[in-house]
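The values are calculated or read from the model by the stated rules, or taken from the named source; none is laboratory data. Just so we're clear, the structure is a prediction, and the values are computed from it rather than from any experiment. All Cβ positions, glycine included, derive from the backbone under ideal geometry; neighbour counts span all protein chains shown.
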Amino acid sequence: MGSRLAGTTQAACKNKADMADADLDFRTGDAGASATFPTQCSALRKNGFVVLKGRPCKIVEMSTSKTGKHGHAKVHMVGIDIFTGKKYEDICPSTHNMDVPNIKRMDYQLIGIQDRYLSLLQDSGDVREDLKMPDGDLGREIESKFEAAEEILITVLSAMNEEAAVAIKAMAK
Amino acid sequence: MMAAVGAPEVISQLESAAKVLMAPPSMVSTEQRQHAEHVFLSFRKSKSPFAICKHILETSRVDYVLFQAATAIMEAVVREWVLLEKASIESLRTFLLTYVLQRPNLQKYVREQILLAVAVIVKRGSLDKSIDCKSIFHEVRQLISSGNPTVQTLACSILTALLSEFSSSSKTSNIGLSMEFHGNCKRLFQEDDLRQIFVLTMEVLQEFSRRENLSAQMSSVFQRYLALANQVLMLLLALIPAALGRHYIAMFESTQNVTLKPTESWREALLDTRVMDLFFTVHRKIREDSDMAQDSLQCLAQLASLHGPIFPDESAQVSYLAHLVEGLLNMINGIEIEDSEAVGISNIISNLITTFPRRNLTALPSDLFSSFINCLTHLTCSFGCSAALEEVLDKDDMVYMEAYDKLLESWLTLVQDEEHFPRGCFVQPAVQVFNSYIQCHLAAPDGTRNLTANGVVSHDEDEINELQEDDRELFSDQLASIGMLGRIAADHCIPLLTSLLEDRVTRLHGQLQRHQQHLLAESGPESLDRKVLDDLYEDIHWLILVTGYLLADDPQGETPLIPSEVMEYSIKNSSEVDINTTLQILGSPGEKASSIPGCNRTDSVIRLLSAVLRTSEVESRATRASLTGLLSPQMGKDIMWFLRRWAKTYLLVDDKLYSQISIPLSTAFGADTEGAQWIVGYLLEKVINNLSVWSSEPDLANDTVELLVTLVERRERANLVVQCESWWNLAKQFASRSPPLHLLSSSVQRSLMKALVMGGFAHMDTDTKQQYWSEVLQPLQQRFLNVINQENFQQICQEEEVKREIVATLEALCGIAEATQIDNVAALFSFLVDFLSNCIGLMEVYRNTPETVNLIIEVFVEVAHKQICYLGESKSMKLYEACLTLLQVYSKNNLGRKRVDVTAEEDQYQDLLLIMELLTNLLSKEFIDFSDTDEVFRGQDQGPGAGHSVSAADVVLYGVNIVLPLMSQDLLKFPSLCNQYYKLITFICEIFPEKIPQLPEDLFKSLMYSLELGMTSMSSEVSQLCLEALTPLAEQCAKTQETDTPLFIATRHFLKLVFDMLVLQKHNMEMTVAAGEALYTLVCLHQAEYSELVESLLSNQRDAVIYQRLADAFNKLSASSTPPTMDRKQKVAFLKSLEEFVANVGGLLCVK
């Protein structure tokens, strides 16, 4: 039943989207907030986040070095792209500022699947339908859970105008 | 079976198998390889292979097949010993020896294997009176006297094979005989044969040392005998009674070991001065050959550590030492020491100084003693310079550094017993060694740093990573020795350091000014050379390190005292000191010391500190002039490190701790002095400046905040700190989370929080105290509540600002927990406990945000870690409850959750580790409990937990329920996780054995499996933990007397495991006690099964003698507690006889 309802909303949306793209903007909810903020290298932390080569990364390794015994510290960072899993490295003087991405994780209830797009119920009661079904195991699991009519929450990770479903959890009964 | 008839077939089969084994991996399949291995294995197992083996040795040309034939003979002789005719064993041995003699071109590994077979035959024969194996030495002597180098080499190989086969069990061949057999052989060997080998070796060396020109071949024979002599001496010294071995095998051997008995013959062999002279002569002869020189020096080093009952009396010991020292001096004087001799020579000296008691050294003729000290001084200085050169040239092999370290260590040993020696005899040497150290570490022209024959070499561009230790740790041993020598010669060294440091600071100041003018004038792109600055920084770096080690020690945990030499030095000169000028020098770090009138009449110790303060002041001023980029963070670290070390020892010096006190020191730094208040203020300003200027330098920021913690961790010092206005400003600034403090790394921020909280417990009047807390802790609480109490917190919780606020609060909470001390725990716990329940709420809100979840658990870990041991019953209950709720929320949120993001596994590992740490911390309450409800929580605790139903057991078992299903064998490969896990489950078994049978079936099974796995295939530490867990489990079974429970069945299985472990396997000595206790309780529980185990072990014994000994030993063991009951007295009796049992028959069953 859920999917039928979602289907109609989806159709309505499509029409709307054709009329005015701008209308979609409010759905992302943080149009005003900037995607990143600067932080001095020394204040970054392992397990924290940083932008490396233009990509939002989780810092998995951080070390310092210096040139010569009386040199100033440089920070060496290894990060993993939170969306692609690709590894990036960077080194910079520790006084420099690095961009830290704003990271958001939101849980939504899954109410439908349409053309490999997920229909997600937001807290506000609105439904968003612009998120692609993830590939791989997670996607298959979402599909099978949905077909079995299990109620699940989907965690959506977003940063720097990109988002992806990264986790699912059965809803508490 | 393999009669000579089929010999050609056998040989060709073996040869083709050898071809397969020797082929490159790509050429043959695994099956072929396995088949080939099988061919050899079954060949070696064949019955009486002697004829065919002889045949193979004589005809085959494949080395590997020859090797296998030798191995087959060796194994078969031992296997069939009792069946063989003595004469045929004799002839076999002769055959092997002749075989080797006649084939000088055999491959080395084949020859060694054949000689090993000979050695094994001799060894097996030595226990068999019917065979005379002594003849081997006679034969060897004949070989040696042949004069033929090849034959002599062979003789040496035979001796070496005998030595290694007999000497130690780790080298002993695996010939399937009991450890007891090996032990007995060793004993017999040491009583007589060893000396025979020694005498033979000495004869050869004597002979060679007389020859004028040695051919290359001769000198290689010479070298082999020299190496053999070294091995014999090493073995000999190991026989002198010393510390008992740590391992069971070692213990087993030591019980059978003859310690070196001072028999006349050994005394004659070792104390004869000609023996020692021979080694000196030999060394002189071959010292240019670096390989041989190492052996000859090592022999001398062995002789230099001769001790114990070998000396008939003290005068013998003294004359031996005198002879040694004389020989050494003769050897060293007048030669230019080769690189390859440095380590060997320093080993001789270091052995000599550590082995011979002080009274022996002082009993030496006084001119000999002073020659020795002069020589030592000279060597130390010269090795020190060479070591510095090695560093400059970045050599891989730092021989001089090693030699220098050894000699400095020897100096430390010597001067620590200074009172035994003539007064002042070490002052001049100390001056020389100290000067040379300083010289090597300073740049030209004062010093020789980085100076090589080709001019100055610079290493400034080297990349240094954070794993590289700081010089203060890397060279801590050297610096400690140099610091100690500096104290011995304080008269010279303290003023020297002062003037060098003052000079460098003045130059640094000037150089920085020039840079500044240069920058202001914008005089073109070419900048001033940084080299001058870097040289100054490096000079200052070493001067501060030496000063730090000279002025103070850094004992862990106890109050460091001002070194007595420094105190005496200050007292001695105090009559000529003008206190006011001294204070003026101290109080004006911004001025040049020499510009202050009367500066020559100041206390030198204070002036040296002032020199460091002047360095610090130049640094601070440079930061204010925006020259931070030109400064050296390393120098900043040195200053912080020094001031911390200094403050611990000198600040608020307590005259009650000293028999005599220097007036200048007590006037300047004593309690209630202006000087102390001034310097606290100065240090505080410095700390604050550093924290804002150096936030980008993690190590320097860390050293800085450590100094701050030092200033407030003692109440007396904290009292002065809180009187400073800057302290309050720091507190306010940190609470407001404004720049620059929030740029500091999270660990530094935690320590800063810790310091601020500790400072709050200093002495203040009530109003002030209240005001302080309202500046430090209340803003934290307020800000936090403001955030989480917003109506739309759920919606905004993912916004970056909100998250940052939350993370900062959680970090601060960890810092507050770290500040816990016994006298503030009441206040801090009350403050933190409110936060804990809010944290659980956060756990719910941030359930999808792993980094926050992780940090929340960490807060609980820290609170439990620092506080649980002080908490009374109802407070503990509160903490248990909070932890239980936390775990419930965690479990609920992670149950049925599937994550695919890239760091999911790492996050989970970190959560698990923290949860286990939390549970272990909670359990530690059962072991460490300082709580005294009345004292710590006066009036706050209302009786023993009325109405509360949560116990530590509930929390921990709940936690285990979460953790266990997630623990996989893969995760156990992380050592930290593995240890933490086993610590936890052992704790549980010890504390709540009654809960174990009630566990759900799956959980119970995986717990038992974990224990077995830990016992059998993890580190010995884990194995011991698991053994400790068994005893309470078995006791639990005995208590309930149910014989069909899963736990009862499991313990039966463990009985066999522990039995095998104790009786049949080599194991760690430390484990015998834990294993013994476990065995006893398990035996009590399963007496019938135990009897079966013993029966089946006995029934496997074919040898009647061994059977009887074993049976007797088991009877004796059982008799110690019949019938076995869970009774302490009986248990102790059992353990005692178990020890005896293991020593008696353990070696019998343990086969090698």
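For every residue, the table says whether it meets (1) over 32 Å from the mean Cα position of the chain (by Cα); (2) farther than 30 Å from A:HIS96 by Cβ.
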{"position": "B:LEU665", "(1), (2)": "yes, yes"}
{"position": "B:ALA671", "(1), (2)": "yes, yes"}
{"position": "B:ALA676", "(1), (2)": "yes, yes"}
{"position": "B:GLU697", "(1), (2)": "no, no"}
{"position": "B:LEU708", "(1), (2)": "no, no"}
{"position": "B:ARG714", "(1), (2)": "no, yes"}
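In the stretch B:802-838, how many residues are touching a Leu at 6+ places or on another chain (Cβ under 9 Å), assigned to a helix (DSSP H, G or I) and more than 14 Å from chain A (Cβ to nearest Cβ)?
Adding up the residues that qualify gives 14.
Note down all Cβ pairs under 6 Å where the first residue falls in the stretch B:816-836 and is closer than 23 Å to B:LEU785 by Cβ, the second is buried (at least 20 other Cβ atoms within 10 Å of the Cβ) and among the small types (Gly, Ala, Ser), and they're at least six residues apart or on different chains.
Partner pairs satisfying both residue conditions: B:LEU836/B:ALA882.
Considering (1) outside any helix (DSSP H, G or I); (2) aliphatic (A, V, I, L, M); (3) at pLDDT 85 or above, say which one B:ILE988 fails and leave the rest.
(1)
Applying the selection to the stretch B:419-465, what residues are assigned to a loop (DSSP other than H, G, I, E, B), among the acidic types (Asp, Glu) and at pLDDT 85 or above? Quick ask: steps written out before the conclusion?
From the stretch B:419-465, those assigned to a loop (DSSP other than H, G, I, E, B) are B:421-426, B:442-450, B:453-454, B:457-462; that's our starting set.
Checking the rest, the ones that are also among the acidic types (Asp, Glu) come to B:446, B:460-462.
Answer for the stretch B:419-465, where residues must be assigned to a loop (DSSP other than H, G, I, E, B), among the acidic types (Asp, Glu) and at pLDDT 85 or above: just B:ASP446.
Take A:LEU110 and tell me if it is within 11 Å of chain B (Cβ to nearest Cβ), out of contact with any Pro (no Cβ under 9 Å at 6 or more places or on another chain), part of a strand (DSSP E or B) and not basic (Lys, Arg).
Values: within 11 Å of chain B (Cβ to nearest Cβ): no; out of contact with any Pro (no Cβ under 9 Å at 6 or more places or on another chain): yes; part of a strand (DSSP E or B): yes; not basic (Lys, Arg): yes.
So A:LEU110 does not fit the description; no.
How many residues are among the hydrophobic types (A, V, I, L, M, F, W, C) and within 14 Å of chain A (Cβ to nearest Cβ) when one looks only at the stretch B:747-759? Before the answer, list the steps.
From the stretch B:747-759, those among the hydrophobic types (A, V, I, L, M, F, W, C) are B:748, B:752-753, B:755-758; that's our starting set.
After this cut, where a residue has to be within 14 Å of chain A (Cβ to nearest Cβ) as well, the list is B:748, B:752.
The qualifying residues number 2.
Considering the stretch B:295-310 alone, what residues qualify as being buried (at least 18 other Cβ atoms within 10 Å of the Cβ) and not in a loop (DSSP other than H, G, I, E, B)?
Hits for the stretch B:295-310 are B:ASP295, B:SER296, B:LEU297, B:GLN298, B:CYS299, B:LEU300, B:ALA301, B:GLN302, B:LEU303, B:ILE310.
If we scan the stretch B:311-331, do we find a residue that is of a type in the set (S, T, N, Q) and part of a loop (DSSP other than H, G, I, E, B)?
Step one: of the stretch B:311-331, the residues of a type in the set (S, T, N, Q) are B:315, B:317, B:319, B:330.
Imposing the further condition that a residue be part of a loop (DSSP other than H, G, I, E, B) reduces the set to none.
Scanning the stretch B:311-331, I find no residue that is of a type in the set (S, T, N, Q) and part of a loop (DSSP other than H, G, I, E, B), so the answer is no.
For the stretch B:326-365, how many residues meet the condition of being among the hydroxyl-bearing types (Ser, Thr, Tyr), under 17 Å from B:LEU306 (Cβ atoms) and buried (at least 17 other Cβ atoms within 10 Å of the Cβ)? Walk me through it before giving the result.
From the stretch B:326-365, those among the hydroxyl-bearing types (Ser, Thr, Tyr) are B:340, B:346, B:350, B:354-355, B:362; that's our starting set.
After this cut, where a residue has to be under 17 Å from B:LEU306 (Cβ atoms) as well, the list is B:350, B:354-355.
With buried (at least 17 other Cβ atoms within 10 Å of the Cβ) added as a condition, the list becomes B:350.
Residues flagged as among the hydroxyl-bearing types (Ser, Thr, Tyr), under 17 Å from B:LEU306 (Cβ atoms) and buried (at least 17 other Cβ atoms within 10 Å of the Cβ) within the stretch B:326-365 amount to 1.
Keeping to the stretch B:528-576, report how many residues are within 30 Å of B:ARG514 (Cβ to Cβ) and over 34 Å from the mean Cα position of the chain (by Cα).
Just the residues of the stretch B:528-576 that are within 30 Å of B:ARG514 (Cβ to Cβ), to begin with: B:528-548.
Still in the running and over 34 Å from the mean Cα position of the chain (by Cα): B:528-536.
Selection size over the stretch B:528-576: 9.
Determine if the stretch B:679-691 includes at least one residue that is within 14 Å of chain A (Cβ to nearest Cβ), under 29 Å from B:ARG783 (Cα atoms) and in contact (Cβ under 8 Å) with a residue 12 or more places away in the chain.
Within the stretch B:679-691, one or more residues are within 14 Å of chain A (Cβ to nearest Cβ), under 29 Å from B:ARG783 (Cα atoms) and in contact (Cβ under 8 Å) with a residue 12 or more places away in the chain.
If you go through the stretch B:382-418, how many residues are farther than 23 Å from B:THR355 by Cα, part of a helix (DSSP H, G or I) and of a type outside the set (Val, Ile, Thr)?
So the count comes out to 9.
Enumerate the pairs (first residue in the stretch A:125-146 and more than 11 Å from every other protein chain (Cβ to nearest Cβ); second residue anywhere and hydrophobic (A, V, I, L, M, F, W, C)) with beta-carbon separation below 6 Å, excluding pairs fewer than 6 apart on the same chain, so at least 6 apart or on different chains.
The qualifying pairs are A:VAL127/A:LEU121; A:ARG128/A:LEU120; A:GLU129/A:CYS13; A:LEU131/A:LEU118; A:MET133/A:LEU118; A:PHE146/A:ILE113.
Tell me, please, whether a residue that is assigned to a helix (DSSP H, G or I), among the acidic types (Asp, Glu), within 14 Å of another protein chain (Cβ to nearest Cβ) and surrounded by 19 or more Cβ atoms within 10 Å (Cβ to Cβ) can be found in the stretch B:539-559. Write out each step before concluding.
Going through the stretch B:539-559, the residues assigned to a helix (DSSP H, G or I) turn out to be B:539-551.
Applying the additional criterion that residues be among the acidic types (Asp, Glu) yields B:539.
Cutting the leftovers down to within 14 Å of another protein chain (Cβ to nearest Cβ) gives us B:539.
Then drop every residue that is not surrounded by 19 or more Cβ atoms within 10 Å (Cβ to Cβ), which leaves B:539.
Taking every residue of the stretch B:539-559 in turn, at least one turns out to be assigned to a helix (DSSP H, G or I), among the acidic types (Asp, Glu), within 14 Å of another protein chain (Cβ to nearest Cβ) and surrounded by 19 or more Cβ atoms within 10 Å (Cβ to Cβ).
Any residue in the stretch B:1082-1100 that is surrounded by 12 or more Cβ atoms within 10 Å (Cβ to Cβ), among the aromatic types (Phe, Trp, Tyr) and over 30 Å from B:ASP1044 (Cβ atoms)?
Scanning the stretch B:1082-1100, I find no residue that is surrounded by 12 or more Cβ atoms within 10 Å (Cβ to Cβ), among the aromatic types (Phe, Trp, Tyr) and over 30 Å from B:ASP1044 (Cβ atoms), so the answer is no.
Name the residues in the stretch B:76-94 that are assigned to a helix (DSSP H, G or I) and surrounded by fewer than 19 Cβ atoms within 10 Å (Cβ to Cβ), would you? Walk me through how you get there before you give the answer.
Kept after step one, since they are assigned to a helix (DSSP H, G or I), are these residues of the stretch B:76-94: B:76-79, B:81-83, B:86-94.
Of everything in the stretch B:76-94, those that are assigned to a helix (DSSP H, G or I) and surrounded by fewer than 19 Cβ atoms within 10 Å (Cβ to Cβ) turn out to be B:VAL78, B:ARG79, B:TRP81, B:VAL82, B:LEU83, B:LYS86, B:ALA87, B:SER88, B:GLU90, B:SER91, B:THR94.
Among the numbered conditions (1) among the polar types (S, T, N, Q); (2) modelled with pLDDT under 95; (3) crowded, with 21+ Cβ neighbours inside 10 Å, tell me where B:GLN771 comes up short.
B:GLN771 satisfies every listed condition except (3).
Condition check: farther than 22 Å from B:TYR99 by Cβ, of a type outside the set (A, V, I, L, M), at pLDDT 90 or above and in a helix (DSSP H, G or I). Does B:GLU37 satisfy that? Reasoning before the result, please.
Working: farther than 22 Å from B:TYR99 by Cβ: yes; of a type outside the set (A, V, I, L, M): yes; at pLDDT 90 or above: yes; in a helix (DSSP H, G or I): yes.
Spelling it out, B:GLU37 is indeed farther than 22 Å from B:TYR99 by Cβ, of a type outside the set (A, V, I, L, M), at pLDDT 90 or above and in a helix (DSSP H, G or I).
Can you work out which of the residues in the stretch B:719-746 that are over 30 Å from B:LEU855 (Cα atoms) and of a type outside the set (S, T, N, Q) is farthest from the other protein chains (Cβ to nearest Cβ)?
Residue satisfying both the conditions and the ranking: B:LEU720.
A:TYR117 is checked against (1) without any contact (Cβ under 8 Å) to a residue 40 or more places away in the chain; (2) out of contact with any Ser or Thr (no Cβ under 8 Å at 6 or more places or on another chain); (3) within 30 Å of B:ILE796 (Cβ to Cβ) and fails just one. What number does that condition carry?
It is condition (1) that A:TYR117 fails.
Select from the stretch B:886-906 the residues that are facing chain A (nearest Cβ under 8 Å) and among the acidic types (Asp, Glu) and write down the one among them that is farthest from A:LEU153 (Cα to Cα).
Per the criteria, the residue is B:GLU906.
Exactly one condition in (1) part of a helix (DSSP H, G or I); (2) of a type outside the set (A, V, I, L, M, F, W, C); (3) under 22 Å from A:SER158 (Cβ atoms); (4) more than 36 Å from the chain's Cα centre (by Cα) is false for B:GLY841; which is it?
(3)
Based on this model, can you work out whether A:GLY112 counts as under 27 Å from B:CYS797 (Cα atoms) and modelled with pLDDT under 90? Walk me through how you get there before you give the answer.
On the way: under 27 Å from B:CYS797 (Cα atoms): yes; modelled with pLDDT under 90: no.
Spelling it out, it is not the case that A:GLY112 is under 27 Å from B:CYS797 (Cα atoms) and modelled with pLDDT under 90.
Within the stretch A:32-91, track down each residue that is crowded, with 20+ Cβ neighbours inside 10 Å, under 15 Å from the mean Cα position of the chain (by Cα), within 10 Å of chain B (Cβ to nearest Cβ) and in a strand (DSSP E or B).
A:PHE49, A:CYS57, A:LYS58, A:ILE80 - these are the residues of the stretch A:32-91 that are crowded, with 20+ Cβ neighbours inside 10 Å, under 15 Å from the mean Cα position of the chain (by Cα), within 10 Å of chain B (Cβ to nearest Cβ) and in a strand (DSSP E or B).
State whether one or more residues within the stretch B:481-500 are touching a helix residue (DSSP H, G or I) at 6+ places or on another chain (Cβ under 7 Å), within 14 Å of chain A (Cβ to nearest Cβ), in contact (Cβ under 8 Å) with a residue 60 or more places away in the chain and in a helix (DSSP H, G or I).
For the stretch B:481-500, residues touching a helix residue (DSSP H, G or I) at 6+ places or on another chain (Cβ under 7 Å), within 14 Å of chain A (Cβ to nearest Cβ), in contact (Cβ under 8 Å) with a residue 60 or more places away in the chain and in a helix (DSSP H, G or I): absent.
Would you call A:THR155 in a loop (DSSP other than H, G, I, E, B) and within 10 Å of chain B (Cβ to nearest Cβ)?
Numbers: in a loop (DSSP other than H, G, I, E, B): no; within 10 Å of chain B (Cβ to nearest Cβ): yes.
No.
Kindly provide the set of residues from the stretch B:615-651 that are among the basic types (Lys, Arg), touching a helix residue (DSSP H, G or I) at 6+ places or on another chain (Cβ under 7 Å) and away from chain A (no Cβ under 14 Å), ordered by number. Don't jump to the end; show me each part of the working.
Filtering the stretch B:615-651 down to residues among the basic types (Lys, Arg) leaves B:621, B:624, B:637, B:644-645, B:648.
Right, trim to touching a helix residue (DSSP H, G or I) at 6+ places or on another chain (Cβ under 7 Å) and you get B:637, B:644-645, B:648.
Once the filter is applied, which keeps residues that are among the basic types (Lys, Arg), touching a helix residue (DSSP H, G or I) at 6+ places or on another chain (Cβ under 7 Å) and away from chain A (no Cβ under 14 Å), the stretch B:615-651 yields B:ARG644, B:ARG645, B:LYS648.
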